[in-house]
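Contents: one structure, followed by commentary.
The values are calculated or read from the model by the stated rules, or taken from the named source; none is laboratory data. Here the structure is a predicted model, which is why all the values come from computation and not from measurement. Here the Cβ positions follow ideal geometry from the backbone for every residue, glycine too, while neighbour counts run over all protein chains shown. Areas reflect the complete protein model, heavy atoms only, side chains present, ligands, DNA and RNA absent. Shrake-Rupley method; radii C 1.70, N 1.55, O 1.52, S 1.80 Å.
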Amino acid sequence: METPNYIPNQKLPLQGAGGLIAILGAGESGVGAAYLAQQQGYDVFVSDFGAIADHYKKQLQDWDIRFEENGHTEAEILSATEVVKSPGIPDKAPMVKKLVEQGIPVISEIEFAGRYTNAKMICITGSNGKTTTASLTYHILKNGGLNVGLAGNIGKSFAYQVATEKFDVYVLEISSFMLDSMYKFRADIAVLLNITPDHLDRYDYKLENYAASKFRITQNQTGADHFIYCADDAETIKVMQGKQIAAQQLPFSIEKTIETGAYLDKDNLIINVHQQHFQMSINELALQGKHNIYNSMASGIVAKVLELRNETMRESMGNFRNIEHRLESVGKISGISFINDSKATNVNSTWYALESMTDDVVLILGGVDKGNDYSMLKSLVRQKVKAIVCLGKDNKRIHDAFEDDVDVIVNTMSAAEAAQVAYHLAEKGDTVLLSPACASFDLFKNYEDRGKQFKDAVKEL
């Protein structure tokens, strides 16, 4: 909840603001916020409850910013005028609860950095597809000649870029955790791709709480702003029925014709925005599969709102290369295709991956289960999956969910073992798909580490 002494987002530099700002968490977001705060004249103290990675520690030392690791000095943090919190730290963390009890504002890095730039903000959220859509949008805008930065949950932190660059436009990938600590920040263009169960452990296991968090992307928008959303997403539409949204609404759909927004006409993607018309065959899109038509529609609407030329859009949407660890082709061995979709950390992402497969699949699943409901995968697993290879310490729920749907379920404890077992279970013409539906922290540092180890293992086959 917003606290009374909250400093509003003026979207103007508050030079020499002074006072102590505490930064909780010394990852990409926290270290970037620390650098920007120091640049703006604050006394800065960075505190991480765990160990700080060596390269971030070196940056803080090089910048002469005070920091601590492996614990919090409460007296110092509680003397701050404001605290910037890493999105990975839950509101239930003891330190955060103490700050809230004392009325000290706790905000996100995005909220903080947004005060110090007048750039146009394109903010993209959703349970699935946001990294791909943010990357595609950035690709289109950059090719269109815009002076644009890409930040948020992707790349260099927004705060660090605000401190060191002078972009006119930012494409920001925004998670629900970031949105929870954003109050006065305003998106000029807000994109909500979809809402499916994810991270429910942070939202009292209630989908409505998670959905409310996602809709914070529309807060503070005015009639001059735009809200782009999926008209086919049941949860999005349900929330919109009880919500007043000030921004101009631009829906997209593959199920019905949309007058202002985007839709499919047979195999043609059509976009109509403010008397601007764009058309492109979906067969020419770089990103294939039903979910990627949605992602391309959202990015295309953003481009038309910004009045980019059709030729630029068509070229960019046709030559875009997807991000690493998202349905990334690793190669083909003995006629067996290997695909790295390690970024699929929830069930819905894995559903999209399976939905786009045309061959028989050996599916590598598993990791840290965030209260997953695997029932939505069962139909696709029955249709397309010949064997499941579990990659995780505790695979009981996967066995329970799919024991009646596939003949073979095998447990493995490393990426190398999983790749080896999957290779032997697959036949020529099959696809081995790493799409875990789970977080990676039981066996790996993060999903990137999991994907890299898988790719390395495939190369060794």
List the GluC sites (Glu not before Pro) within segment 380-435 that fall in a DSSP loop (any state other than H, G, I, E or B) and whose Cβ has at most 13 other Cβ atoms within 10 Å. 403, 427
Using a cut-off of 14 Å between alpha-carbon atoms, which aspartates and glutamates can reach residue 256, once sequence neighbours fewer than 8 places away in the same chain are excluded? 232, 233, 265, 267
Averaged per residue, the 1.4 Å probe accessible area of the chain, protein heavy atoms only, in Å², is roughly 42
Give 98/396; 57/98; 97/142; 57/214; 58/332 a once-over and call out the pairs whose C-alpha atoms are over 30 Å from each other. 98/396; 97/142; 57/214; 58/332
Dimensionless Rg over Rh [segment 97-249; C-alpha; Kirkwood]: 0.96
Which whole-number percentage describes the relative contact order of the chain, with Cα contacts under 8 Å and a sequence gap of 6 or more? 11
List the relative contact order of segment 55-174 as a percent without decimals, with contacts defined as Cα pairs under 8 Å and 6+ residues apart. 23
Segment 112-157, accessible surface, carbon-and-sulfur percent (1.4 angstrom probe): 43
Pull out the extension gain between residue 290 and residue 424, defined as 0.36 nm times the separation in residues minus the alpha carbon to alpha carbon distance; nm, one decimal. 45.2 nm
If the cut-off is 19 Å between C-alpha atoms, which aspartates and glutamates fall inside it for residue 459, apart from same-chain ones fewer than 8 positions away? 324, 328, 341, 417, 427, 430, 448, 449
Cross-link table 384/428; 266/290; 343/378, entries beyond 18 Å C-alpha to C-alpha: 343/378
Please report the antiparallel percentage of the DSSP beta bridges confined to the chain, to the nearest 5. 25
Any idea how far apart residue 241 and residue 268 come out in nm if each label point goes 7 Å out from Cα toward Cβ? 3.4
For segment 286-427, what % of the accessible area comes from carbon and sulfur atoms, probe 1.4 Å? 44
Between the modelled labels at residue 408 and residue 378 (7 Å from Cα along Cα→Cβ) the distance in nm is 2.4
Between residue 461 and residue 441, what is 0.36 nm times their sequence separation minus the Cα-Cα distance? Round to one decimal in nm. 4.7 nm
For the chain, list log₁₀ I(q)/I(0) at each q in 0.06, 0.08, 0.11, 0.14 Å⁻¹, using the Debye formula over Cα point scatterers of equal strength and ignoring solvent, two decimals each. -0.27, -0.49, -0.93, -1.39
Where in segment 415-458 is the amide nitrogen less than 14 Å from a point lying 7 Å along the Cα-to-Cβ axis of residue 386? 422-433
